[in-house]
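Rule-based calculations on the coordinates, nothing more; no lab input. Since we're looking at a predicted model, the values are computed, not measured. Please note: Cβ atoms are built from the backbone with ideal geometry, for glycine as well, and neighbour counts cover all protein chains shown.
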Amino acid sequence: MNLFLSQYLLKIDKKGRVSLPSTFRNSLPKENKNELILFKSLKFPAIDGCSYQRINKIAERIDQLDIFSDDQDDFSTSIFSETVPTSLDKEGRFLIPEFLKIYSNIVNEVMFVGQGHYFQIWEPKAAIENQKKSRQRIVNQKKTLGSILIHNSNEK
């Protein structure tokens, strides 16, 4: 699977459609090339977007939780009840549902932000601010991937 990389600023057209950047379209799996999953980010006022393969991996992780636990119920409800499957038209356009636009403060422009195995859709100014904060946290805490991976493996 190809990764969702980079960021793209795009306008929403008069009919409420936005084009998925072509590099993102090329990152979708061949068998579900025109299908997207959209849902509210659990961390930010943004929309998470992914393929069916990615949402299935999320479901597998949630299924590992105790079926009667609040955690399992909270994650299932928060993600799956507000997940919207959508299809791309021939030009790679799709509609962002109104409740997701309201949640993420999107009006007439969006910023697509690659996150590796998924992407996010942001209100552009909020995307830039989030990117600055993310980078600053890494710099301030002098984090490296090696230090995080070693720390996490020691916790297990």
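Computed quantities for the displayed model
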{"item": "3J(HN,Hα) from dihedral phi, the stretch 87-103, Karplus parametrisation 6.51/-1.76/1.60, rounded to Hz, x for glycine, proline", "result": "10, 7, 7, 4, 8, x, 9, 8, 9, 8, x, 4, 5, 6, 4, 4, 4"}
{"item": "Spatially proximal aspartates and glutamates relative to LYS33 (Cα-Cα < 16 Å; intrachain offsets below 8 disregarded)", "result": "ASP89, GLU91"}
{"item": "Matching label, Rg/Rh (Cα atoms, Kirkwood Rh) computed from the structure shown, candidates (1) 1.11; (2) 0.99; (3) 0.95", "result": "(2)"}
{"item": "Most to least packed among 61-69, 111-119, 83-91, 22-30 [average Cβ atoms within 10 Å]", "result": "111-119, 22-30, 83-91, 61-69"}
{"item": "Residue-wise HN-Hα coupling along the stretch 46-53, computed from phi with Karplus coefficients 6.51, -1.76, 1.60 (Hz; x: Gly, Pro)", "result": "9, 10, 8, x, 7, 8, 4, 4"}
{"item": "Rel. contact order, % - alpha carbon contacts under 8 angstrom, at least six apart, the stretch 1-146", "result": "34"}
{"item": "Highest-fluctuation residue, ILE121, ILE47, ILE55 considered, GNM on the chain with Cα pairs under 10 Å", "result": "ILE55"}
{"item": "Spatially proximal lysines relative to LYS15 (Cα-Cα < 19 Å; intrachain offsets below 8 disregarded)", "result": "LYS90, LYS101"}
{"item": "Label-reachable residues, the stretch 3-18, where backbone N falls under 18 Å from a point 7 Å from GLU91's Cα toward its Cβ", "result": "9-18"}
{"item": "Set of aspartates and glutamates with alpha-carbon distance to LYS14 below 15 Å, sequence-local pairs under 8 removed", "result": "GLU98, GLU109"}
{"item": "Karplus 3J(HN,Hα) series, Hz, for the stretch 72-80 with 6.51 cos²θ - 1.76 cosθ + 1.60 (x for Gly, Pro)", "result": "4, 5, 5, 5, 4, 5, 5, 8, 6"}
